[in-house]
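Down below is the structure, laid out as C-alpha cells.
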Amino acid sequence: MSENYILDIDELRKVYRLETKSPLLSKLDPDFYKELKRFLIDERKKYAQEMKDSFSARNIKRLETIKQMVEKIREIRLKKCLNLCLMYSRTNDFSEDGLIDFELDFAKGIIKLIDKQNDQTQSIMGIKKADIKNVKDLLKVKFLQEIPAFIGGDLKEYGPYEKDQICELPEDVCKLLESKNIIEVID
C-alpha cells in the first residue's frame, strides 16, 4: 500500500471523515505522515505563488481549511491514542492496531509511565509483583446473590454483580467469594 500512496486534498478529506466518524483509530498508510509533510510543503508553495500572482480570499481559505483538517486529525488521533493507553491502565491489554509512526512511540512511552506509576502504587500498598496473579488464572463463576463493587487483591475493581450473573474472575478472588457462598465455580 505504501509504494504508490500519495496524499492529496481528497485523501486528506477521507482521513478526516474516517477519524471524526469512528471511535477507533483509522487504518492509515504507514507513509501517511511523510506524505502529509510533502503535501503541506507543496500546498504552501502553491499558496505563496498564488498570492504573488493574485491576492485571493479563496486561496487563503483553502490553506486555512487544510490546516484546520490536519490539526483536527492530529487532535482526534491523539485522544484515541490516549484512550488506548487508559484502557491499558485498566486491563493491561494494549493493541497497536491503527497506530503508525511516532504515535506508536508515543503510546509505548505513556504505557511505560503507566507501568511505573502502577509499580509505585503497588509498592506503597505493600504488594509485590509476585503477589499479583496472572490474568490467565481466571475461573468462570455464577453469582448466587447480588454483590456491590469491590477491590480485589490485585487492586482492580470488580462488580457490581447481579444474582445469576456469569463472568470470569481471578482465582484468588474466586476462593474468597466461594468461601462466603457468594459464587459457585462453573466448569
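The values are calculated or read from the model by the stated rules, or taken from the named source; none is laboratory data. Fair warning: this is a prediction, and the values are worked out from it, not measured in the lab. Cβ: placed from backbone, ideal geometry, glycine included. Neighbour counts: every protein chain shown.
Being modelled with pLDDT of 85 or more, surrounded by 12 or more Cβ atoms within 10 Å (Cβ to Cβ) and touching a Pro at 6+ places or on another chain (Cβ under 8 Å) narrows it down to one residue among PRO148, PRO170, PRO160; which is it?
The match here is PRO160.
With the condition kept exactly as written, say whether any residue in region 89-100 is in a helix (DSSP H, G or I), within 13 Å of the chain's Cα centre (by Cα), surrounded by 13 or more Cβ atoms within 10 Å (Cβ to Cβ) and not assigned by TED's automatic domain parsing to the domain that holds GLU168.
yes
Taking PHE55 and the conditions (1) surrounded by fewer than 14 Cβ atoms within 10 Å (Cβ to Cβ); (2) within 25 Å of ILE111 (Cα to Cα); (3) among the aromatic types (Phe, Trp, Tyr), which numbered condition does it fall short on, given that it satisfies the others?
Status for PHE55: all satisfied but (2).
With respect to ILE41, is the statement that it is in a helix (DSSP H, G or I), among the hydrophobic types (A, V, I, L, M, F, W, C) and more than 12 Å from the chain's Cα centre (by Cα) true?
So ILE41 fits the description; yes.
Is there a residue in region 13-21 that is of a type in the set (Phe, Trp, Tyr), at pLDDT 90 or above and touching a Lys or Arg at 6+ places or on another chain (Cβ under 8 Å)?
yes
If you check PHE94, PHE39, PHE102, PHE32, which single one turns out to be of a type outside the set (Asp, Glu), in contact (Cβ under 8 Å) with a residue 12 or more places away in the chain and closer than 30 Å to ASP154 by Cα?
PHE94
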